[in-house]
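Asks: The structure's right below; bear with me while I get my questions together.
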Amino acid sequence: MLYFSKIKILIIYLIIFFLTVCAVLNLVNNKENFFLSKKINLGLDLQGGSYLLLEVDSKPIINKNLQQKLIELRKQLKDNKIKYLKLTQSKESINLLLENSYIEKFKIFFVSDDNNINFYYNNYRSHEMEYSIQENNIIIKYSKFGLIETKNSALDQSLEIVRRRIDEVGTKEPTIIKRGSDRILIELPGLDDPNRIKKLLGKTANLAFRLVSEDEDAFGSEQLTFENSEEKLNVSKRIIVSGDNLVNAKPSIDNQTNRAIVSFTFDRVGAKKFGRATTDSVGKRLAIVLDNKIVSSPQIREPILGGNGQITGDFTFQSATDLALLLRSGALPAPLKIIEERTVGPDLGEDSIKAGAISLIIGFILVIIFMLYKYRLLGIIANLALITNLILLIGILTLLEATLTLPGIAGIILTVGMAVDANVLIFERIKEELKIEKSTIHAFDTGYKKAQSAVLDANITTLISAVILFFLGSGPVKGFAVTLGIGIVTTLFSAYFFARHLSSYYAMKNKDKRIIL
Amino acid sequence: MMQLSKNINFSNYYKKMNFISVILICLSILVILIKGLNLGVDFKGGTLIEIRTENDKVSISEIRQSLLKMNLGDVTVKKFGKENDYLVKIEINNTEDPSFIESINKKLNNDLGSSVNFRRVENVGPKVSNELLRAGLIAISLSLAAMLIYIWIRFEWQFSLGAILALIHDVVITVGIFSFLSYEVNLSIVAAVLTIVGYSMNDTVVIFDRIRENLKKYSNISISDISNKSTNETLSRTLITSITTLLALFAIFIFGGAILKGFSFAMIVGVIIGTYSSIFVATPILKYTNVTQKTILKEEN
């Protein structure tokens, strides 16, 4: 066990040297070079920032899609000469009451390629919709894969809109990723007040220009309240132009009233529609509706043909800026719910780093003193191994560009405490061997050999815990699993290669002396 | 300091210690059942806010009074770390209203007559907290199962049984102590429990390893004597490793800041109990299940 070939020694020290260089990279300030720019990332709990978990509520989308499908179905049933008795929609299904004689025809129609209600997914080998028949009542629902696809596309769209909104606010290096089938995870490092972003993400931003209807109109109307007051207005359900037709929106100050407004530009289609509607409705009141709340309801004094307009309302400059931002980045396909928020202020992060560093240093010194006291000369070897271990651990974390969290620092400190175990196991074994054996070298050799299985077993058990924690833990706790797990690997390396090499050197030097541990 | 006698007759104390362990486990289960666990927002949902007030004349009851006026359900306020730092736990979570946190901040600023800095906010909805709780329980069960299987592969079933009983012993008593002291159980406590499982296992395996070695060597010594011999031979390693680990943990506990207090406390308790259980829970099981040299040699063939 004590013999090392030259090449092996070279490899051991090359690895140590390489990882030491990696560890030092944390002090190098270089952002361009692929290798030199490597650093340990600080987790949100250490650098401050916000973590948000959003959930896409897909129910409104399903409802909306079914509405459209219903209209299309009505038309196509007519085209295909399938007579129905009743066609209604509930939240999750379309109910179709057919005469018995038409059921077979419907079955063929429903899976045929040329109906554009029921899409066929080649990759899933499944249709978008499925139906069940109870007597002559047919219930049409999304199939399992139809639901997956609908949720996926809602999630993709939402992700894009969320990204645009956050980019517009301009925070540094945000992380925005999908989580599962209906969630979006956002990490905003360095952000100490997430309130604005939370508000921006909480809005669907469905903008619609509608008319205030004094009397009943053909499209039906509904009572809507104003955003900033309890006042209510009867608003037509017909949408003249929606936010989809906006090409630009920006905040500005109205010269006359000196109040904040949002000015916008329609695309060509929008401008045309808006022009026509305002021409027909001079004298009436327009309702600018955002997420089913009235923002303002100006009177149409003259036709607006240029495609430019402005929204006046009860705005501060900040809220006008935010509304313009929302309009520019587009409407979310479905409402987003924030289901988890974790925010750490930057000063707490700094305090945590300090506390972590202090406890690491103190823990380290205590362990070193104890090992020196306990093992004297061999203690120096154990301590050198411990220092090497720590450098290797930091080196690997840097190489992986891992994220260091507060629990992660705790994991490093714990590694310091537990890492000496490998050497303790070996030294205790050597001690026993020295009592029986005559030769120092032989005692060291047998000590290492016999301790091996215990060292391995002992470390693998901790590694199992770390791996489970890594896969099931979240955020900061994952950081703990990472440092603990890598710590075990570096511990084994530094004990069985580095410290063993030092020990063999020590044993050779003292081969004729009687060593007492 | 550690020049302990190398001939402690551990097996003489097995019965007594097992009795104590059984009582401790029963007490722990009783406390957990009666008193329940003080689950943090991670597992129960709700809102946790760490605040720092600029004005040092603010009292806990003022903060509580101010919050109670907002109808936030159950509100707890306690000191946290340094002077002027408080931890506020609010029963309800309102993740859906994006200005919820802001409104609390405004209210406190007004009522306390001091600028209130929100240093940390954790707002966890009921869906997420349920998922986290489930993930935590799965993680702990999975690690116990993994240890069971690992020991089974490396040793014989008797060893596996001893190790797993020791682990359950450690986990139950640690959780029991948390319940008794009403300390908060959150994600980092689950991390601590998993690490305890790993550590305690580590300790047990070292003794088992030696027992197996000695069983092979001596055919005519009883398992009690083998256990004694092996425990004595590994005792100084057991103690030294426990001490260095505890040194590191105490450094975290004392200097690591308020956030790591719960974690390091759980680990300290776990390391002490884990060390004890390796000697007095795991090893006695080998005696009770009549492990002999044959048990080991059967495995070899």
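Asks: State whether the residues of region A:331-338 include one that is at the interface with another protein chain (Cβ under 9 Å from one of its Cβ atoms) and under 30 Å from B:THR53 (Cα atoms). I'd like the intermediate steps shown before the answer.
Replies: Taking region A:331-338 and keeping what is at the interface with another protein chain (Cβ under 9 Å from one of its Cβ atoms), we get A:337-338.
Add one more test, that the residue is under 30 Å from B:THR53 (Cα atoms), and what stays is A:338.
There is at least one residue in region A:331-338 that is at the interface with another protein chain (Cβ under 9 Å from one of its Cβ atoms) and under 30 Å from B:THR53 (Cα atoms).
Asks: Can you find, within region A:488-506, the residue that is farthest from the chain's Cα centre (by Cα) among those that are among the aliphatic types (A, V, I, L, M), farther than 19 Å from B:LEU249 by Cα and surrounded by 21 or more Cβ atoms within 10 Å (Cβ to Cβ)? It would help to see each step written out before you state the result.
Replies: The initial filter retains those residues of region A:488-506 that are among the aliphatic types (A, V, I, L, M), namely A:488-489, A:492, A:495, A:499, A:502.
Next, only the ones that are farther than 19 Å from B:LEU249 by Cα stay: A:489, A:492, A:495, A:499, A:502.
Filter again for surrounded by 21 or more Cβ atoms within 10 Å (Cβ to Cβ), leaving A:495, A:499.
Values: A:ALA495: 38, A:ALA499: 42 Å.
For region A:488-506, the residue satisfying everything is A:ALA499.
Asks: Considering only residues that are more than 11 Å from chain A (Cβ to nearest Cβ) and hydrophobic (A, V, I, L, M, F, W, C), look in region B:181-210 and name the one that is surrounded by the fewest Cβ atoms within 10 Å (Cβ to Cβ). Working first, answer last.
Replies: Narrowing region B:181-210 to residues more than 11 Å from chain A (Cβ to nearest Cβ): B:181-185.
This time we only want the ones that are hydrophobic (A, V, I, L, M, F, W, C), so: B:181, B:185.
Working: B:LEU181: 13, B:VAL185: 24.
Ranking the qualifying residues of region B:181-210, first place goes to B:LEU181.
Asks: Can I ask one more? When region B:105-140 is examined, which residues are found to be in contact (Cβ under 8 Å) with a residue 40 or more places away in the chain, facing chain A (nearest Cβ under 9 Å) and of a type outside the set (A, V, I, L, M)?
Replies: The answer is B:ASN117, B:PHE118, B:ARG119, B:ARG120, B:GLU122, B:ASN123, B:GLY125, B:PRO126, B:SER129, B:GLY136.
Asks: Also, quick follow-up: With (1) in contact with a helix residue (DSSP H, G or I) (Cβ under 7 Å, 6 or more places away or on another chain); (2) modelled with pLDDT under 90; (3) surrounded by fewer than 21 Cβ atoms within 10 Å (Cβ to Cβ) as the list, and A:MET418 as the residue in question, which single condition is left unmet?
Replies: Going through (1) in contact with a helix residue (DSSP H, G or I) (Cβ under 7 Å, 6 or more places away or on another chain); (2) modelled with pLDDT under 90; (3) surrounded by fewer than 21 Cβ atoms within 10 Å (Cβ to Cβ) one by one, A:MET418 breaks only (3).
Asks: Would it be correct to say that A:ILE176 is in contact with a Gly (Cβ under 6 Å, 6 or more places away or on another chain) and crowded, with 16+ Cβ neighbours inside 10 Å? Full working, then the answer.
Replies: Values: in contact with a Gly (Cβ under 6 Å, 6 or more places away or on another chain): no; crowded, with 16+ Cβ neighbours inside 10 Å: yes.
When the stated conditions are applied, A:ILE176 does not pass them.
Asks: Right, something else. Looking only at region A:358-398, filter to residues that are over 33 Å from the mean Cα position of the chain (by Cα), in contact (Cβ under 8 Å) with a residue 60 or more places away in the chain and surrounded by 19 or more Cβ atoms within 10 Å (Cβ to Cβ); which one of those is farthest from the other protein chains (Cβ to nearest Cβ)?
Replies: Of everything passing the filter in region A:358-398, A:THR388 is farthest from the other protein chains (Cβ to nearest Cβ).
Asks: Select, from A:LEU85, A:LEU44, A:LEU97, the only residue that is at pLDDT 85 or above and under 30 Å from A:THR20 (Cα atoms). Walk me through it before giving the result.
Replies: Working: A:LEU85 fails: under 30 Å from A:THR20 (Cα atoms); A:LEU97 fails: under 30 Å from A:THR20 (Cα atoms).
Only one candidate qualifies: A:LEU44.
Asks: Among (1) modelled with pLDDT under 90; (2) assigned by TED's automatic domain parsing to the domain that holds A:LEU390; (3) more than 19 Å from the chain's Cα centre (by Cα), there is one condition A:GLY485 misses while meeting the rest; what is its number?
Replies: The single condition A:GLY485 does not satisfy is (1).
Asks: For region B:243-301, how many residues are under 30 Å from B:VAL88 (Cα atoms), within 14 Å of chain A (Cβ to nearest Cβ) and of a type in the set (A, V, I, L, M)?
Replies: Filtering region B:243-301 down to residues under 30 Å from B:VAL88 (Cα atoms) leaves B:248-270.
Filter again for within 14 Å of chain A (Cβ to nearest Cβ), leaving B:248-268, B:270.
From the residues that got through so far, the ones that are of a type in the set (A, V, I, L, M) too are B:248-249, B:251-252, B:254, B:258-260, B:266-268.
Result for region B:243-301: 11.
Asks: Against the conditions (1) modelled with pLDDT of 90 or more; (2) surrounded by fewer than 24 Cβ atoms within 10 Å (Cβ to Cβ), where does A:GLY408 fall short? Just the number, please.
Replies: Every listed condition holds for A:GLY408 apart from (2).
Asks: Restrict the check to region A:218-232 and report whether at least one residue is within 18 Å of the chain's Cα centre (by Cα) and either within 14 Å of another protein chain (Cβ to nearest Cβ) or of a type in the set (D, E, K, R) (or both). Quick ask: steps written out before the conclusion?
Replies: Kept after step one, since they are within 18 Å of the chain's Cα centre (by Cα), are these residues of region A:218-232: none.
Checked against the condition, which is being within 18 Å of the chain's Cα centre (by Cα) and either within 14 Å of another protein chain (Cβ to nearest Cβ) or of a type in the set (D, E, K, R) (or both), region A:218-232 yields no hits at all.
Asks: Need the failing condition index for B:LYS261 against (1) over 30 Å from B:LYS89 (Cα atoms); (2) modelled with pLDDT of 90 or more, just the number.
Replies: Of everything listed in (1) over 30 Å from B:LYS89 (Cα atoms); (2) modelled with pLDDT of 90 or more, B:LYS261 misses just condition (1).
Asks: Can A:VAL247 be described as surrounded by 15 or more Cβ atoms within 10 Å (Cβ to Cβ), outside any loop (DSSP other than H, G, I, E, B) and more than 22 Å from the chain's Cα centre (by Cα)? Give the steps one after another, and end with the answer.
Replies: Details: surrounded by 15 or more Cβ atoms within 10 Å (Cβ to Cβ): no; outside any loop (DSSP other than H, G, I, E, B): yes; more than 22 Å from the chain's Cα centre (by Cα): yes.
In short, no.
Asks: Do we find that A:ILE353 is within 30 Å of B:GLU131 (Cα to Cα), surrounded by fewer than 20 Cβ atoms within 10 Å (Cβ to Cβ) and within 12 Å of chain B (Cβ to nearest Cβ) in this structure?
Replies: Numbers: within 30 Å of B:GLU131 (Cα to Cα): yes; surrounded by fewer than 20 Cβ atoms within 10 Å (Cβ to Cβ): yes; within 12 Å of chain B (Cβ to nearest Cβ): yes.
The answer is yes for A:ILE353.
Asks: If the requirement is being closer than 13 Å to A:LEU54 by Cβ and at pLDDT 85 or above, which of these qualifies: A:LEU224, A:LEU200? Break it down into steps so the answer makes sense when it comes.
Replies: Numbers: A:LEU224 fails: closer than 13 Å to A:LEU54 by Cβ.
Criteria check complete, one pass: A:LEU200.
The values are calculated or read from the model by the stated rules, or taken from the named source; none is laboratory data. Please read all numbers here as calculations on a predicted model, not as lab measurements. Glycine gets a Cβ as well: all are built from the backbone with ideal geometry, and neighbour counts include every protein chain shown.
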